[in-house]
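Asker: Quick one: structure below, then a few questions.
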Amino acid sequence: MKSIYEFLKKYHALIIIMVVYVWALVSVAMYRYAESPPGTITLRISHWQLEAGVRDGLNEMAKEYQKTHPNVRILQEAIPEGTYGQWLSTQIMSGTAPDIIEMGFIPHQVLLAYYNRYCYVITPFVNKPNPYNKNNEFANVPLRNTFKDGMSAGYINELQEYMQVPLSSFSVRVFYNVDLLEKLTGSKVPPKTYREFFDLCTKVKAMKDEEGRNYTPVVGSKYHFGMWEGNLCAMMTYKTMEKADLNRDGYVGNDEMYIAVKSGLLDFKSRPIEARFEMIREIADFCQPGFTGLSRDEGVFLFAQKRALFMTTGTWDAMSLQQQAKGNFTLGIMDFPMPTKDDPKYGDVVAGPRYENPGLGFNYAVTRTSKYPEVAFDFLLFMASKENNERLNKIIGWIPAVENTETDPFLKDFKPCLNGIYENFNVWLGGETWIRWTQLTSLYQVDPNFKFSRLVDEFIPFYKSQKGVDDFMEAMKDRNRVIPSNERFLAGFRSQAILAKSPEEANSFWIKYRTQTRDRQVFHEIWFSTEMKYVKDGPPFTSEYGPYEYSKEVLEKVKKRVKR
């Protein structure tokens, strides 16, 4: 007896640890057994969407799916976006990734490698109807044609494959405090034009609350300000295409921008670019001091405190903002206030309304480590059907990704404008130029004494220097790295044409093969060689007459030919 007492006295701490450890093992095993009885298929789905309603929406979809698939259990893992990238990399590299994952928060090149190595290709399924649409108008429509963007959000261009299924549509708008607007201006009507917006913000900036604190016209943070810049200020650069759109495709790429600037075809102090940065300065001055160092949550907190009037964000925050404003203030939504053509400052660069791409997101891919990839993809098809996608997004408070679906009335103002002007400014050639550009533009945003002319004088020599040349050449090499993928893609068409069962089917595949060969290989090489010649000798245009501009003599000749 004494020996037992001595043993317990000597090892009691270790015994307690062992008992707790065994108890934990049994508890986990029992929990897992109750969660997934024998014969149960368990799917794990991960995402970073912590906004209100997201987890409820996915749980409801899982519950509905289980009605027709009683042996399937679907568990979701919601990870904060601040750690999602590290968590995702750890899970993928260790072989413990969930069956269905939302890819993001990792560098683009790493993301491409993860898609290529660890995710299933879904291209074979996108041209087949979604079986869960059998009772609606999409019964015989290919899956990709049921989405608002033709499923382009699920297509990874570098891999030439469809890799993920989008479930929601997103757009960005300006939210405002209706009660505060009425208190400060006497009206509930928000500004419609940029000039009205500018005058109102100038007035509000000079006003103070009951405690003597200045009101903030525009919520600024490193998260929010980019939306003002990308959705409003960037529109001022639309007309740079008149000088720098060298291939006349309606868009100025980073390669065209570099060639145009290096050859003198486009001046960084040209009116469209200057107007963009003048507007950035004006909006930055309406934000709270030091906003570039603030986080997303800090910006939202200022708005929720009723100390800021306007805040821009997307549909993903709409439901959360509604809940925060409930019983506190009335939340309003308005579009970005674009300048009109008669605007005294920006009228000369505005050619129309703001174009908005109805981008889809909330994308999910199926991992190769999944034990049940067919079931995982079937669940994605279930959520991507017309009725279920509408229901999912109604619960979350987002816009459905599928055509012909109804949207929550609160989100009616998020309907995108599909005709208008867009950004034509891209100096992000590579790492060196991107870092330098980011440093200078950040300084420009926070320091009123750092003028646009100084920004240009410091950036252009760097942009045209060997650093810029190196980044440009590396970007050109990156474009050629897709050639092997193109060859495999074309080989698929070629084999389908050779093995076709009928002449009509073979002809269809040969047409696709020739078209894709022309666009992906032949035209690619021609344009690559053309750009190399432009870098060496300069483009065949002048600063006076760009790609879209013609001399009076040429225009007279065109008129004469038209009359004939």
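The values are calculated or read from the model by the stated rules, or taken from the named source; none is laboratory data. Because the structure is predicted, anything quoted here is derived from the model rather than measured. All Cβ positions, even for glycine, are placed from backbone atoms using ideal geometry, and neighbour counts span all protein chains on display.
Asker: Keeping to the stretch 408-440, report how many residues are crowded, with 17+ Cβ neighbours inside 10 Å and either β-branched (Val, Ile, Thr) or over 30 Å from residue 170 (Cβ atoms) (or both).
Answerer: 5
Asker: Can I ask one more? Out of the stretch 315-356, which residues are within 22 Å of the chain's Cα centre (by Cα) and not in a helix (DSSP H, G or I)? Spell out the reasoning first.
Answerer: Just the residues of the stretch 315-356 that are within 22 Å of the chain's Cα centre (by Cα), to begin with: 315-321, 333-338, 353-356.
Answer for the stretch 315-356, where residues must be within 22 Å of the chain's Cα centre (by Cα) and not in a helix (DSSP H, G or I): 333, 334, 335, 336, 337, 338, 353, 354, 355, 356.
Asker: Of everything in the stretch 203-222, what is basic (Lys, Arg) and either in contact with a Pro (Cβ under 6 Å, 6 or more places away or on another chain) or crowded, with 23+ Cβ neighbours inside 10 Å (or both)? Give them in sequence order.
Answerer: To start, the set of residues in the stretch 203-222 that are basic (Lys, Arg) comprises 203, 205, 208, 213, 222.
Once the filter is applied, which keeps residues that are basic (Lys, Arg) and either in contact with a Pro (Cβ under 6 Å, 6 or more places away or on another chain) or crowded, with 23+ Cβ neighbours inside 10 Å (or both), the stretch 203-222 yields only 205.
Asker: All but one of (1) in contact with a Phe, Trp or Tyr (Cβ under 8 Å, 6 or more places away or on another chain); (2) at pLDDT below 95; (3) not in a helix (DSSP H, G or I) hold for residue 42; which doesn't?
Answerer: (1)
Asker: Consider residue 90 carefully, then state whether it is over 19 Å from residue 166 (Cβ atoms), modelled with pLDDT of 95 or more and of a type in the set (Ser, Thr, Tyr). Write out each step before concluding.
Answerer: Working: over 19 Å from residue 166 (Cβ atoms): yes; modelled with pLDDT of 95 or more: yes; of a type in the set (Ser, Thr, Tyr): yes.
Yes.
Asker: Pick from the stretch 506-535 the residues that are modelled with pLDDT under 85 and of a type in the set (Lys, Arg): which of them is surrounded by the most Cβ atoms within 10 Å (Cβ to Cβ)?
Answerer: 520
Asker: Does the stretch 279-301 contain any residue that is farther than 18 Å from residue 229 by Cβ and of a type in the set (Gly, Ala, Ser)?
Answerer: No, the stretch 279-301 has no match at all.
Asker: While we're here: Within the stretch 461-471, how many residues are crowded, with 17+ Cβ neighbours inside 10 Å and modelled with pLDDT of 90 or more? Can you show your working first?
Answerer: From the stretch 461-471, those crowded, with 17+ Cβ neighbours inside 10 Å are 463, 467-468, 471; that's our starting set.
Now restrict to residues that are modelled with pLDDT of 90 or more: 463.
Residues in the stretch 461-471 being crowded, with 17+ Cβ neighbours inside 10 Å and modelled with pLDDT of 90 or more: 1 in total.
Condition check ((1) outside any helix (DSSP H, G or I); (2) surrounded by 16 or more Cβ atoms within 10 Å (Cβ to Cβ); (3) touching a Cys at 6+ places or on another chain (Cβ under 8 Å); (4) basic (Lys, Arg)) across all residues:
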{"site": "50", "(1), (2), (3), (4)": "yes, no, no, no"}
{"site": "76", "(1), (2), (3), (4)": "yes, yes, no, no"}
{"site": "82", "(1), (2), (3), (4)": "no, no, no, no"}
{"site": "86", "(1), (2), (3), (4)": "no, no, no, no"}
{"site": "90", "(1), (2), (3), (4)": "no, no, no, no"}
{"site": "97", "(1), (2), (3), (4)": "yes, yes, no, no"}
{"site": "104", "(1), (2), (3), (4)": "yes, no, no, no"}
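Asker: Any residue in the stretch 492-505 that is over 30 Å from residue 275 (Cβ atoms), within 32 Å of the chain's Cα centre (by Cα) and surrounded by 13 or more Cβ atoms within 10 Å (Cβ to Cβ)? Working first, answer last.
Answerer: Taking the stretch 492-505 as the starting set, the residues that turn out to be over 30 Å from residue 275 (Cβ atoms) are 492-505.
Now drop any that are not within 32 Å of the chain's Cα centre (by Cα), which leaves 492-493.
Remaining after also requiring surrounded by 13 or more Cβ atoms within 10 Å (Cβ to Cβ): 492-493.
Scanning the stretch 492-505, I find at least one residue that is over 30 Å from residue 275 (Cβ atoms), within 32 Å of the chain's Cα centre (by Cα) and surrounded by 13 or more Cβ atoms within 10 Å (Cβ to Cβ), so the answer is yes.
Asker: Scan the stretch 142-154 and tell me whether some residue there is in a strand (DSSP E or B), over 18 Å from residue 412 (Cα atoms), in the same structural domain as residue 129 (by TED's automatic domain parsing) and in contact with a Phe, Trp or Tyr (Cβ under 6 Å, 6 or more places away or on another chain).
Answerer: The answer is no; no qualifying residue exists.
Let's see how each residue does on (1) in a loop (DSSP other than H, G, I, E, B); (2) modelled with pLDDT of 95 or more; (3) among the aliphatic types (A, V, I, L, M):
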residue	(1), (2), (3)
198	no, yes, no
252	yes, no, yes
262	no, no, no
289	yes, no, no
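Asker: Next up: Looking only at the stretch 384-397, decide whether some residue is over 30 Å from residue 181 (Cα atoms), β-branched (Val, Ile, Thr), buried (at least 16 other Cβ atoms within 10 Å of the Cβ) and outside the structural domain of residue 278 (by TED's automatic domain parsing).
Answerer: Checked against the condition, which is being over 30 Å from residue 181 (Cα atoms), β-branched (Val, Ile, Thr), buried (at least 16 other Cβ atoms within 10 Å of the Cβ) and outside the structural domain of residue 278 (by TED's automatic domain parsing), the stretch 384-397 yields no hits at all.
Asker: If the requirement is being more than 27 Å from the chain's Cα centre (by Cα) and not assigned by TED's automatic domain parsing to the domain that holds residue 314, which of these qualifies: 115, 132?
Answerer: Answer to the selection: 132.
Per-residue answers, yes or no, for (1) buried (at least 16 other Cβ atoms within 10 Å of the Cβ); (2) closer than 24 Å to residue 549 by Cβ; (3) in contact (Cβ under 8 Å) with a residue 12 or more places away in the chain; (4) in contact with a strand residue (DSSP E or B) (Cβ under 7 Å, 6 or more places away or on another chain):
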| position | (1), (2), (3), (4) |
| --- | --- |
| 252 | yes, yes, yes, no |
| 256 | yes, yes, yes, no |
| 265 | yes, yes, yes, no |
| 290 | no, no, yes, no |
| 313 | yes, no, yes, yes |
| 348 | no, yes, yes, no |
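Asker: Quick one: in the stretch 425-456, of everything that is touching a residue at least 24 places away in the same chain (Cβ under 8 Å) and of a type in the set (A, V, I, L, M), which residue is farthest from residue 282 (Cα to Cα)?
Answerer: Out of the qualifying residues, it is 429.
The rows are residues; the columns are (1) of a type outside the set (Ser, Thr, Tyr); (2) touching a helix residue (DSSP H, G or I) at 6+ places or on another chain (Cβ under 7 Å); (3) in the same structural domain as residue 288 (by TED's automatic domain parsing).
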| position | (1), (2), (3) |
| --- | --- |
| 199 | yes, no, yes |
| 207 | yes, yes, yes |
| 212 | yes, no, yes |
| 220 | yes, yes, yes |
| 223 | no, yes, yes |
| 228 | yes, yes, yes |
| 231 | yes, no, yes |
| 237 | no, yes, yes |
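Asker: So, one more: So, in the stretch 108-127, exactly how many residues are within 19 Å of residue 383 (Cβ to Cβ) and either loosely packed, with under 13 Cβ neighbours inside 10 Å or aliphatic (A, V, I, L, M) (or both)?
Answerer: Number satisfying all stated conditions: 2.
Condition check ((1) under 19 Å from the mean Cα position of the chain (by Cα); (2) surrounded by 15 or more Cβ atoms within 10 Å (Cβ to Cβ); (3) closer than 26 Å to residue 313 by Cβ) across all residues:
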position: 169; (1), (2), (3): yes, yes, yes
position: 184; (1), (2), (3): no, yes, yes
position: 201; (1), (2), (3): no, yes, yes
position: 273; (1), (2), (3): no, yes, no
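Asker: Consider the stretch 208-241. How many of its residues are in a strand (DSSP E or B) and without any contact (Cβ under 8 Å) to a residue 24 or more places away in the chain? Reasoning before the result, please.
Answerer: Taking the stretch 208-241 and keeping what is in a strand (DSSP E or B), we get 208, 214, 216-218.
Still in the running and without any contact (Cβ under 8 Å) to a residue 24 or more places away in the chain: 208, 214.
Total meeting the criteria: 2.
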